[in-house]
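Worksheet for the structure shown next.
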Amino acid sequence: MTVPATATPILELRGVVAGYGETTVLRGVSAEVAAGGVLAILGANGAGKSTLLRVASGVLRPSSGSVLVDGVDVTRRKPGSRVRLGLCHIPDPRGIFPSLTVRENLLLQAPRRGGAARVGPVLATFPRLEQRLGQAAGTLSGGEQQMLAVARAYVQRPRVVLLDEVSMGLAPNLVDEIFGFLRTLAEQGVALVIVEQFVHRALAMADRVLVLARGRVGLSAAAGVVGEAEIFGAYAGVAGTGVAGTGVAGSNGNGVARAEPARGGARGARGARGSRR
């Protein structure tokens, strides 16, 4: 899939400043992703990765800056309104209702019309959930709970999925299963914004990478050209200034990470590992 250079991003954040109380976490962060694009957001603990996803989904309102979905300004809209526009936020920790059964969780996330019909394909993708339909979600294993959380990205039929540390605490085979599902979503034209502890996994899927350092954009580049040294330099807040033709942004907060579907991802930063926030 290719997207014209003039295409409107499906999700765009412009100059976002946000935080909690008197603490500012994000300082002028801009990012965007096109339909079918995969944007990996990396950074050290406390860099603002999860905060950026919360601003995008409407859980946290920015003090300045704006959020647009398909060109529509949704900065002041509530999370439910953004869900109806096609945003799906899978938070860390797992976004499930532990006291409800697996079946109830799936039906609750599905649209009112035709929602039950969407449960079947989810169970085909994650057969373990079919064996647990009547079981309370809070009694599932960690991997099964994460499968249930990620299943929301199917039953809601979103246009953009925001994923916060979906591999946290899972066995490698379960991580493979979940990332295989996410890759299928991207191939179907769903945009993904991934915050991930395993840098190499995120980069293997991503079209672009954005590294946050102390709440600012430390690096913004095409995932296929950025190297391990650049990523860790940006982690430390010492990335260089923008280089013409590379898409790399300096750490002054003015960089924009744009992800468009150009399959291939990156092969750098193998074995590198990020952290949770």
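Of the residues making up segment 41-97, those that are of a type in the set (Val, Ile, Thr), closer than 25 Å to residue 110 by Cα and assigned to a helix (DSSP H, G or I) number 2.
Looking only at segment 199-222, decide whether some residue is modelled with pLDDT of 90 or more, among the aliphatic types (A, V, I, L, M), within 13 Å of the chain's Cα centre (by Cα) and part of a loop (DSSP other than H, G, I, E, B). So far as segment 199-222 goes, yes, one or more of its residues are modelled with pLDDT of 90 or more, among the aliphatic types (A, V, I, L, M), within 13 Å of the chain's Cα centre (by Cα) and part of a loop (DSSP other than H, G, I, E, B). Every residue in segment 158-181 that is surrounded by fewer than 21 Cβ atoms within 10 Å (Cβ to Cβ) and modelled with pLDDT of 95 or more, please. 159 - this is the single residue of segment 158-181 that is surrounded by fewer than 21 Cβ atoms within 10 Å (Cβ to Cβ) and modelled with pLDDT of 95 or more. With respect to being in the same structural domain as residue 214 (by TED's automatic domain parsing), at pLDDT below 95 and either farther than 21 Å from residue 188 by Cα or of a type outside the set (S, T, N, Q) (or both), residue 46 fits the description. Only one entry of 155, 150, 193 meets the criterion of being out of contact with any strand residue (DSSP E or B) (no Cβ under 7 Å at 6 or more places or on another chain) and crowded, with 16+ Cβ neighbours inside 10 Å, and that entry is 155.
The values are calculated or read from the model by the stated rules, or taken from the named source; none is laboratory data. Values in this document were obtained by computation on a predicted structure and should not be read as measured data. When we count neighbours, we look across all protein chains shown, and the Cβ atoms used for this are built from the backbone with ideal geometry, even at glycine.
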